[in-house]
C-alpha cells in the first residue's frame with residue numbers, strides 16, 4: 001500500500017503528508033479540495049520559505065476522476081470521431097453541400113428529409129445515409145450526456161457511462177461493453193506513459209465520514225497542483241476541529257512511494273516531448289529486423 005500512518009513524533013507538516021478537509025465544510029463539498037498530498041520540500045517548510053503557501057497536489061476518488069476527467073475527455077474524443085467519420089459519407093451524397101459539423105447539428109427530421117431527397121433508390125447511397133443518421137444520433141446522444149454532466153443533477157456515473165457507450169456504438173457501429181469501457185478508463189491512470197496521474201489504493205487513517213462516498217481508491221492529479229496557507233495544514237485534531245477551513249494530516253506516503261510520486265511529478269514538467277510516430281517507427285524496425293533474421297535463417 002502506498003500510505004502509512006504519520007509519525008506522531010513529527011510536529012510539523014512534511015513532504016508526502018496527506019491532508020484531509022472537514023466533512024460537511026465548504027472545502028469538503030468541493031471534491032477537489034477534500035484531500036491533498038504535500039509537495040513542498042521539508043527544508044522550505046521548516047525554514048518557512050512558503051510565501052505563497054504549501055504546494056499540494058489534489059487527491060480525488062476514482063469516481064470523481066471518472067466524472068470530472070475521464071468522461072469529458074471521452075466525449076471530446078467521440079465528438080471528434082463523429083466529425084471525422086461522417087465527412088467522407090457526407091461527401092458521397094450528391095447535392096449535400098453542408099459541412100460535416102452542420103449535418104451533425106441537423107435535427108432528425110431535417111436530416112431524414114435532406115437524405116431522402118438526394119439518395120433516391122440508390123442502395124449504396126442508402127447505406128451511406130443510414131450510417132450518417134446513426135452517427136448524427138450518436139453525436140446528439142453525446143451532447144445529451146454532456147448536458148447531463150453539466151447540470152445541477154449530474155446523475156449516476158454508471159448511467160452516464162452506459163449512455164456514453166450507446167452513443168459510441170452508434171458512431172462506430174461496434175458494440176461497447178460499459179463495464180469494460182469504464183475499467184479501461186480507470187486503469188489508464190496507471191499507464192506508465194502518463195505522468196499526470198498517480199493512483200493510490202487507500203488513504204489510511206480516514207474516519208467513517210471521510211469514506212462516505214470515497215470507497216474505491218484514489219488518484220493524485222498532478223496538473224492541478226495548488227497552494228494552501230501553511231497555517232491551515234494542521235497535525236493536532238483538536239486544533240483542526242476548531243478551524244473549519246483547515247486540513248488535518250491523516251497519513252503520509254511511504255518512503256519508496258513518495259520517491260515515485262515526486263519522480264512522476266518532476267517528469268511531468270521536465271520530460272522531453274518526442275514525435276508521436278516514434279513508437280510506430282520502432283515497431284516497424286523490430287518487425288523488419290525479425291523478418292530479415294528469420295528469412296536469413298531459412299535461406300541457409
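Miscellaneous remarks
- Between residue 254 and residue 166, the distance separating the two model label sites (each 7 Å from Cα on the Cα→Cβ line) works out to 4.4 nm.
- Taking one quarter of the surface of the C-alpha convex hull of the stretch 165-300 gives a mean projected area of 15.4 nm².
- Relative contact order, percent, the chain [alpha-carbon distance under 8 Å, six or more residues apart]: 29 percent
- Shape parameters for the stretch 65-189, alpha-carbon atoms, Rg then Dmax in Å: 15.8, 50
- Rg and Dmax, both from the Cα atoms of the stretch 1-152 and both in Å, are 26.2, 83.
- FRET efficiency, 1/(1 + (r/R0)^6) with R0 45 Å, evaluated for residue 118 and residue 194 via beta carbons: 0.50
- FRET efficiency, 1/(1 + (r/R0)^6) with R0 25 Å, evaluated for residue 212 and residue 179 via beta carbons: 0.55
- Peptides 68-74, 262-268 ordered by packing proxy, namely the average of other Cβ atoms within 10 Å per residue, highest first: 68-74, 262-268.
- Per residue convex hull volume, Cα atoms of the chain, in Å³: 215 Å³
- Protection proxy ranking, peptides 148-156, 191-199, average beta carbon neighbours within 10 Å, highest first: 191-199, 148-156
- Residue 202 versus residue 279: modelled label distance in nm, points set 7 Å from Cα along the beta carbon direction: 3.3 nm
- The residue 237 and residue 42 beta-carbon pair, evaluated with R₀ = 30 Å, returns a calculated FRET efficiency of approximately 0.85.
- Structural descriptor for the stretch 10-75: relative contact order 29 percent, calculated from alpha carbon pairs under 8 angstrom and at least 6 residues apart.
Read-outs: derived from the displayed coordinates by stated rules, not from any lab. Computed from a predicted model, the values in this text were never measured in an experiment. Counting neighbours? That spans all protein chains shown, and the Cβs are built from the backbone with ideal geometry, glycine included.
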